[in-house]
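> I have a structure I would like to understand better, so I am pasting it below and will then ask my questions one at a time.
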Amino acid sequence: MSVGIRHTELNALFGFAERQLHVVKRYWVWEIVWLFYSLVSVLSIGFLASGLGALGVGSGAFDLRRAQLYLLIGALLWGYLSLVFMEAAYAISWERWEGTIEYTFMAPVRRMTHLMGICLFAIGYGLARTLVVFIVAAFMFNLDFSHANVAGALGVLVASTLPLIGLSILTAVLPLLSPQKGEQMSIALQGFLLLVSGVYYPLTVLPVPMQLAGAASPLTYALAGIRSSLLEGAGLREELPTIAILVGMGALMIPASVLVFGWAERRAKRLGLLKRSG
């Protein structure tokens with residue numbers, strides 16, 4: 001690949017990310033609403049854990065503070081992971097609604113560049129919004145991460161972005177398959193991942209079929225690894241098996257998801273499903 005083509009693809013990559021930023025700026029009031037929703041969701045989990053003490057659950061071997069951290073970490077990470085997940089999924093729906101999807105699909109750029117640009121913005125935006133929620137939650141509940149291993153947690157978080165991108169692209173296929181039901185299908189898939197990925201409880205409390213589904217979810221390993229580093233101080237070396245699993249999942253899921261997206265795009269063009277309706 002020549003230097004000129006690489007430069008063009010790089011410009012296109014950041015161009016798609018910048019376009020997503022302009023979409024957010026255009027609907028900034030809704031973004032504040034969703035930020036408030038994320039904040040309330042995380043704080044509610046923290047208050048739920050705090051309320052366990054008022055109900056008498058705080059004696060014996062039960063560690064109320066650890067339970068609070070466990071739940072808050074799950075809520076924070078799910079807020080980030082689900083945001084990245086849905087930003088990519090809704091990108092197609094937004095483009096259809098704005099009437100730009102046909103122009104995007106006709107643009108002289110590779111589909112991988114288009115999709116990676118959307119995911120690049122989603123990851124950056126997700127991290128920024130999660131940081132805001134984390135700061136407020138840390139202040140409200142006086143969270144103690146003195147024993148946390150930040151390097152290990154960051155290593156798992158970075159590795160988790162790879163399968164997360166693959167999942168996001170696969171979810172973005174759904175609105176292409178069904179303009180009427182694609183968004184609802186995306187929400188249903190998100191809810192299923194929340195159920196089986198151990199966000200608020202260990203997988204051992206689930207029925208065996210759901211445990212197997214959870215074992216196939218990359219979010220399960222991301223949550224377990226980051227909790228291990230933040231709660232138990234697991235370092236980068238201890239997290240290498242988890243990082244390897246996440247990287248391996250990403251290496252399989254990203255190419256597969258791009259291939260599936262390409263098939264769905266060709267099908268949508270053939271059946272005339274790109275046009276905005278409603």
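> I'd like to check which helices (runs of 4 or more DSSP H) are fully inside the stretch 1-112 and have at least 1 residues that are modelled with pLDDT under 75 and in contact with a Cys (Cβ under 8 Å, 6 or more places away or on another chain).
64-98
> Follow-up question, since we're still on this one. Of the residues A148, A128, which single one is small (G, A, S), outside any helix (DSSP H, G or I) and either modelled with pLDDT of 80 or more or more than 30 Å from R237 (Cβ to Cβ) (or both)?
Selected residue: A148, the only one of A148, A128 that is small (G, A, S), outside any helix (DSSP H, G or I) and either modelled with pLDDT of 80 or more or more than 30 Å from R237 (Cβ to Cβ) (or both).
> Can you find even one residue in the stretch 169-183 that is among the basic types (K, R) and not in a loop (DSSP other than H, G, I, E, B)?
Narrowing the stretch 169-183 to residues among the basic types (K, R): 181.
From what is left, the residues that are not in a loop (DSSP other than H, G, I, E, B) are none.
No, that holds for no residue.
> Follow-up question, since we're still on this one. Looking for something in contact (Cβ under 8 Å) with a residue 24 or more places away in the chain, out of contact with any strand residue (DSSP E or B) (no Cβ under 9 Å at 6 or more places or on another chain) and among the polar types (S, T, N, Q) - is there at least one such residue anywhere in the stretch 143-151?
Within the stretch 143-151, one or more residues are in contact (Cβ under 8 Å) with a residue 24 or more places away in the chain, out of contact with any strand residue (DSSP E or B) (no Cβ under 9 Å at 6 or more places or on another chain) and among the polar types (S, T, N, Q).
The values are calculated or read from the model by the stated rules, or taken from the named source; none is laboratory data. Only a predicted model underlies this, so the values are computations on that prediction, with no experimental measurement involved. Neighbour counts are summed over all protein chains in view; Cβ atoms, including those assigned to glycine, are modelled from backbone coordinates with ideal geometry.
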